[in-house]
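Inspection log for the structure reproduced underneath, given as structure tokens.
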2 protein chains.
Amino acid sequence: MANAIRALAMDAVEKAKSGHPGLPMGAADIATVLFGRVLKFDPAAPHWFDRDRFVLSAGHGSMLLYALLYLTGFKSVSIEEIQRFRQLGSLTPGHPEVEATEGVETTTGPLGQGIATAVGMAIAERHLAAEYGPEIIDHHTYVLCSDGDLMEGISQEAIALAGHLKLARLIVLYDDNHISIDGPTSLSDSVDQLERFRSAGWAACRIDGHDPEAILAAIETAQTSDRPSLIACRTTIAFGAPTKAGSEKSHGSPLGAEEIAGARKNLGWTSPPFVVPDDILSAWRAAGARSREARAAWAQRVAALPAETRAEFDRRTRGEVPADRIDAALAEIKRQLAADPKDRASRSSSELALGVLVPAFPELVGGSADLTGSNNTRPKGMPAMSPDDYSGRFIHYGIREHGMAAAMNGMALHGGIVPYSGTFLVFSDYCRPSIRLACLMGRRVIHVMTHDSIGLGEDGPTHQPVEHLAALRAMPHLQVFRPCDAVETAECWALALASNHRPSVLALSRQNLPQLRDATILGNRCVDGAYELLAAEGGPARVSLFATGSEVMIAVAARERLAEFGIPARVVSVPCFELFFDLPEERREAVIGDAPVKVAVEAAIRQGWDAIIGSHGAFVGMTGFGASGPAPDLYRHFGITPERVAEVALSKLQAL
Amino acid sequence: MANAIRALAMDAVEKAKSGHPGLPMGAADIATVLFGRVLKFDPAAPHWFDRDRFVLSAGHGSMLLYALLYLTGFKSVSIEEIQRFRQLGSLTPGHPEVEATEGVETTTGPLGQGIATAVGMAIAERHLAAEYGPEIIDHHTYVLCSDGDLMEGISQEAIALAGHLKLARLIVLYDDNHISIDGPTSLSDSVDQLERFRSAGWAACRIDGHDPEAILAAIETAQTSDRPSLIACRTTIAFGAPTKAGSEKSHGSPLGAEEIAGARKNLGWTSPPFVVPDDILSAWRAAGARSREARAAWAQRVAALPAETRAEFDRRTRGEVPADRIDAALAEIKRQLAADPKDRASRSSSELALGVLVPAFPELVGGSADLTGSNNTRPKGMPAMSPDDYSGRFIHYGIREHGMAAAMNGMALHGGIVPYSGTFLVFSDYCRPSIRLACLMGRRVIHVMTHDSIGLGEDGPTHQPVEHLAALRAMPHLQVFRPCDAVETAECWALALASNHRPSVLALSRQNLPQLRDATILGNRCVDGAYELLAAEGGPARVSLFATGSEVMIAVAARERLAEFGIPARVVSVPCFELFFDLPEERREAVIGDAPVKVAVEAAIRQGWDAIIGSHGAFVGMTGFGASGPAPDLYRHFGITPERVAEVALSKLQAL
């Protein structure tokens, strides 16, 4: 059965003239034990909620996964799709893509992401098990990872978090083949992985990765452990290949016809390319059907839940966040704001919004990378998750932004949870690879990122984002919200929550902001990404002022100043570029307006703004890094003031 | 003496109404032993090349460092500057900044960066010691790090690399205070750090961080180890504070007048704020003068070097890369290209350039994050560095992009080395926090980033950068080069090498590119960032085509196609936005030209291009993520072809 994987991998890579045969051939025995005898899954129901999750962290070994999906009988991967490996539009892309192929649990390829995502899945499992009981939620998360996964720093954040939370249902099979692209891993690595994992609170052992009974025994032991488990499986990369086995030459290139012929001989595999003998295919298909009864029994248990519980469970597993519930929550937040209008930092406004949203949406699981009080992501009364009580809905991620972002992806992929959490905006750089995957996968994760400009003050340029808004807006699919006051903050939260196929970043201020919007007006003005906050008065607008977040109040003040000079000006708030750019051109143009002078204000670099103000529009913002000092001093120093905005507008008007 | 640090830290944070008193007070005893009895340094010569390096990885504890610099007698930090802690324009910003304050070895604050940067310093020390001998290079690198530093994933990459390379001169003092911002570290962490470091090949021990003799003994033991050393110093955060000691309340806020009064009493410190008693200051100043003789002796040894060796040593330690040597190397590369013109991937062109540069510039130390053969960063004959031979100039960094980038910063900061290394462009996301620090510090590090677009083909969207050029161009000070052929690649290498205060990224293709430039023409056309590669023929230009890298050949072909329609078009190559934007407006406008239609072509998103083509210019590129498939299929699929470019230009012309 394992040789079927090896043959398919060799053949598909050879036909594609591109790919990675080494890992599938080396890890075939591990995968055969796991999918053939252990994994709880049903190819007929790829989305069965209580299935075991399998994450191929070493995504370059995608043919391993595609072979398994084909062999066990997933509809998504036919033999034709395997023959179209790595071709445009196939269901078998170069690295596994969750949106492309049913049966793939997460998109992998950038190393370290898979194992860190799996930690999130394992958290989700424990959390939902605490909520719905073991009759409903009772599965494992398995990971196959490579040396590269374990060298990436994110792996340390992931294993430390998993060890701390005692995620005993997380079992990592490490394809310990001693080979990476440059050659033997001894060129660059001397880490004792077993000791490393043990130091993080894991169980760890080493076995022969080509011995099925040893693999099975190790997995069974791991299943009974009270800690997450690492099973280092000593393997030979490209097992069976006559000259390239055990060599980096088999890692990322086709083996070549001669080598493949030799491997077929070594493995005793006589079938032609892409043909799996009937008896072997039948055995695989039988293995794929192993859990069918378990699934039926599970469905009965779900059906037997009290009606209300079942409805809520179904809703959550479908990832459905009802619009009317969001509307009601938004109305409640606005009611609170109307009752208590005052200046608030948008991070505090976010906390106020969460105070309504968290009770209203049990699927929200929050957290922070050790900045809980600064990010304001834990509204009063929200219990923390701990190894003793997984029902807690707030996660202390530690100083692990990258691991946090990946774990959030894992929770969103697992389903039943809408994860949000917090760090400083400047540290979005630390979690960018995981945010990118959320974009690529189209998953609802919500990043609360506070201290979003030089407005954070004294901590200085290492902590002041200036390029991060642009860099995040550059990422396809990501919604970057930068609300200007408490009302917009609530509206942006509502939009992020409603976006079930897009991740969001909420960029929030440390410093206080006045409430610019009337909280008694319902509806969501942020839905178009930009809108006229204040119209021109005393005539058609001569100046349009565009701003986001904490700079909207500066634009508002500049408008007043311009009025003193008799210049009618309007203010457009732009809480979300991406939603604005999604509008039809006509509506976009209507918001941009036809005032002869356009000025944008944002305490960040200009890049990206030209699409709104035009390349001849004026921009008041940053041109380089910030500095350490009190925030008001910095705004003055960098010239981001109402006076300067008005001055720039006036000089533009004069130049017309 | 330690209490002088504590008092200054309390007072400065209190006066600034902002800052982190907890760490300086907790780590004062460690710092006093290190600076008072161990560290080889001379406040009168902050740049003494053979000084020990001290990295405050926990940069938020900046007052610890400023207190030490003041107490030991650095000119940069007067008591007035300490009183101006965290004020705009002071020499004592919120986090240590290497460019702001003499005596600060590296900018820190984003956690994990310091320890990873220190690994690069320790590598530099060993490498230069191998080259110049222990008489000239013989120092240690000390790090003070916090829990947060060790939770960040980058720390794992750093310690694994240091352990593998057996960097015995690296000694990390871990301020093991069990407190992070959210509260006790037990909220989020259960890692046994000693075992973790040991698993990475380090020596590790735990001591009482308030016992000076234990600290000294541990450091002396570490100095004799054949491995890097971790010394976990069990401390009490805010040691001496009556109610906030041992609590997260002291981490990041002023203690308050009452608490400070109590701490003064507890510590027996009777001086008023910002006053250090004469006897204690004298003791500190004497400690600061400890190594004066050692420095004089060292200077004599340097003076005694053979004239040529000394001249080269001086040149390298000054970071001087002579223009004439660069010109000569560039001429030699062009000679080779002229002699053997052929299609080359720009990554191969880069390898060819390195074949000339590496022998010409002994300060170049290269590497790759396990993609040596793909990044083409190791020209023939370049020996690898190993724990047995530090003279090697190529570093196998392992799959550790972030640790690599930080280590490069450390080498550049140490001096004597110009580091370059390689990964895929998409993985620039993994090392962004370190690249940002290189920008902030203005250090010459050169990132070779290959596989720079969908042109990498089958590996698919996880590996295809689309937003990374924009995201990197967003970063202040960074030079992002994307050369279009072998000649431009050589010219961009020359510019990167000459930029002694700016980091560079070279974005290079996997796929072959024709040689578009005449290699027999000397000089460097890339110096302005953009230039007219092909003028319009048959009349004034109706269309200006702008492109970078692998898309310049598409623009060239589109120009030919337009010529068939009788439309004169010119092609502008834009190898470096940043250099182009540095030009005076007049020269920029001259390059942009006045053709009525402007079209940009880049296999990436549009963001940033409006500054060149205007917001009404046309853009042919990507609007979302790529896909898995052969590169030519992808270029067709996404419509990045000469036909499409010509079509877009024609339709723009018709609309005029």
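Of the helices (runs of 4 or more DSSP H) lying entirely inside segment B:131-202, those carrying at least 1 residues that are under 16 Å from residue B:106 (Cβ atoms) and open to solvent by less than 10 Å² (accessible area, probe 1.4 Å) are B:147-151, B:153-164.
Taken together, the criteria place residue A:8 among residues that are assigned to a helix (DSSP H, G or I), open to solvent by less than 10 Å² (accessible area, probe 1.4 Å) and more than 24 Å from residue A:217 (Cβ to Cβ).
No other residue among A:574, A:552, A:597 is among the aliphatic types (A, V, I, L, M), at negative phi and touching a helix residue (DSSP H, G or I) at 6+ places or on another chain (Cβ under 6 Å) apart from A:597.
Of the residues in segment B:67-92, how many are closer than 21 Å to residue B:35 by Cα, assigned to a loop (DSSP other than H, G, I, E, B) and in contact with an Asp or Glu (Cβ under 8 Å, 6 or more places away or on another chain)? Residues flagged as closer than 21 Å to residue B:35 by Cα, assigned to a loop (DSSP other than H, G, I, E, B) and in contact with an Asp or Glu (Cβ under 8 Å, 6 or more places away or on another chain) within segment B:67-92 amount to 5. Of all residues assigned to segment B:222-239, at least one qualifies as being part of a helix (DSSP H, G or I), touching a residue at least 24 places away in the same chain (Cβ under 8 Å), more than 14 Å from chain A (Cβ to nearest Cβ) and open to solvent by 20 Å² or more (accessible area, probe 1.4 Å). Consider residue A:473 carefully, then state whether it is basic (Lys, Arg), closer than 14 Å to residue A:333 by Cβ and either open to solvent by 20 Å² or more (accessible area, probe 1.4 Å) or modelled with pLDDT of 95 or more (or both). When the stated conditions are applied, residue A:473 does not pass them.
Total residues in segment A:59-90 satisfying the condition of being closer than 19 Å to residue A:7 by Cα, among the hydrophobic types (A, V, I, L, M, F, W, C) and within 11 Å of chain B (Cβ to nearest Cβ): the figure is 1. When A:101, A:117, A:72 are screened for being touching a strand residue (DSSP E or B) at 6+ places or on another chain (Cβ under 8 Å) and either in the same structural domain as residue A:43 (by the TED database) or modelled with pLDDT of 95 or more (or both), only A:117 passes.
Among the residues of segment A:274-300, the one identified as of a type in the set (Ser, Thr, Tyr) and surrounded by fewer than 16 Cβ atoms within 10 Å (Cβ to Cβ) is A:282.
Which residue is surrounded by the fewest Cβ atoms within 10 Å (Cβ to Cβ), if the candidates are limited to segment B:91-110 and must be among the polar types (S, T, N, Q) and more than 10 Å from every other protein chain (Cβ to nearest Cβ)? Give the derivation first.
Just the residues of segment B:91-110 that are among the polar types (S, T, N, Q), to begin with: B:92, B:101, B:106-108.
Restricting the remaining residues to those that are more than 10 Å from every other protein chain (Cβ to nearest Cβ) gives B:101, B:106.
On the way: B:101: 22, B:106: 28.
Here the residue is B:101.
Within segment B:256-273, being open to solvent by less than 40 Å² (accessible area, probe 1.4 Å), part of a loop (DSSP other than H, G, I, E, B) and out of contact with any helix residue (DSSP H, G or I) (no Cβ under 6 Å at 6 or more places or on another chain) holds for B:256, B:271. Note on segment A:583-625: among residues that are farther than 30 Å from residue B:479 by Cβ and among the hydrophobic types (A, V, I, L, M, F, W, C), the one that is surrounded by the most Cβ atoms within 10 Å (Cβ to Cβ) is A:597.
Here is a yes/no grid of residues against (1) among the aromatic types (Phe, Trp, Tyr); (2) in contact with a Cys (Cβ under 6 Å, 6 or more places away or on another chain):
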position	(1), (2)
A:63	no, no
A:70	yes, no
A:75	no, no
A:85	yes, no
A:108	no, no
A:115	no, yes
A:130	no, no
A:137	no, no
A:155	no, no
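Here is the figure for segment A:528-554: residues that are in a helix (DSSP H, G or I) and touching a Cys at 6+ places or on another chain (Cβ under 9 Å) total 6. Counted as qualifying within segment B:348-424 are no strands (runs of 3 or more DSSP E), as none has 3 or more residues that are open to solvent by 10 Å² or more (accessible area, probe 1.4 Å). Under the condition of being small (Gly, Ala, Ser) and open to solvent by 40 Å² or more (accessible area, probe 1.4 Å), the residues counted in segment A:485-529 number 2. Within segment B:1-53, being charged (D, E, K, R) and away from chain A (no Cβ under 14 Å) holds for B:6, B:11, B:29, B:37, B:40, B:42, B:50, B:51, B:52, B:53.
Residues of segment A:436-457 that are of a type outside the set (A, V, I, L, M) and either over 20 Å from residue A:344 (Cα atoms) or more than 8 Å from every other protein chain (Cβ to nearest Cβ) (or both): A:436, A:439, A:442, A:443, A:444, A:447, A:450, A:451, A:452, A:453, A:455.
Only a single criterion out of (1) outside the structural domain of residue B:16 (by the TED database); (2) open to solvent by less than 60 Å² (accessible area, probe 1.4 Å); (3) without any contact (Cβ under 8 Å) to a residue 60 or more places away in the chain; (4) not basic (Lys, Arg) is not satisfied by residue B:307, namely (2).
Identify, from the list A:436, A:444, the residue that is of a type in the set (Lys, Arg) and either part of a helix (DSSP H, G or I) or open to solvent by less than 10 Å² (accessible area, probe 1.4 Å) (or both). Lay out the reasoning, then the answer.
Values: A:444 fails: either part of a helix (DSSP H, G or I) or open to solvent by less than 10 Å² (accessible area, probe 1.4 Å) (or both).
Answer to the selection: A:436.
Only one of the numbered conditions (1) free of Cβ contacts under 8 Å to residues at least 24 places away in the same chain; (2) in contact with a helix residue (DSSP H, G or I) (Cβ under 7 Å, 6 or more places away or on another chain); (3) surrounded by fewer than 22 Cβ atoms within 10 Å (Cβ to Cβ); (4) not small (Gly, Ala, Ser) is violated by residue B:580, and that is (1). The requirement of being open to solvent by less than 10 Å² (accessible area, probe 1.4 Å), over 25 Å from residue B:180 (Cα atoms), in a strand (DSSP E or B) and touching a strand residue (DSSP E or B) at 6+ places or on another chain (Cβ under 7 Å) is fulfilled somewhere in segment B:42-61, by at least one residue. Scanning segment A:458-503 for residues that are within 14 Å of chain B (Cβ to nearest Cβ), under 22 Å from the mean Cα position of the chain (by Cα) and in a loop (DSSP other than H, G, I, E, B) yields A:465, A:467, A:474, A:475, A:476, A:477, A:478, A:501, A:502, A:503.
For segment B:379-403, the tally of residues that are touching a Cys at 6+ places or on another chain (Cβ under 9 Å) and more than 10 Å from chain A (Cβ to nearest Cβ) stands at 0.
The values are calculated or read from the model by the stated rules, or taken from the named source; none is laboratory data. Computed from a prediction, not measured in an experiment: that's the story for all the values here. Positions of Cβ are backbone-derived with ideal geometry, glycine not excepted, and every protein chain shown enters the neighbour counts. The protein model used for the area step is the full one, side chains on, heavy atoms only, and it has no ligands, DNA or RNA in it. Shrake-Rupley method; radii C 1.70, N 1.55, O 1.52, S 1.80 Å.
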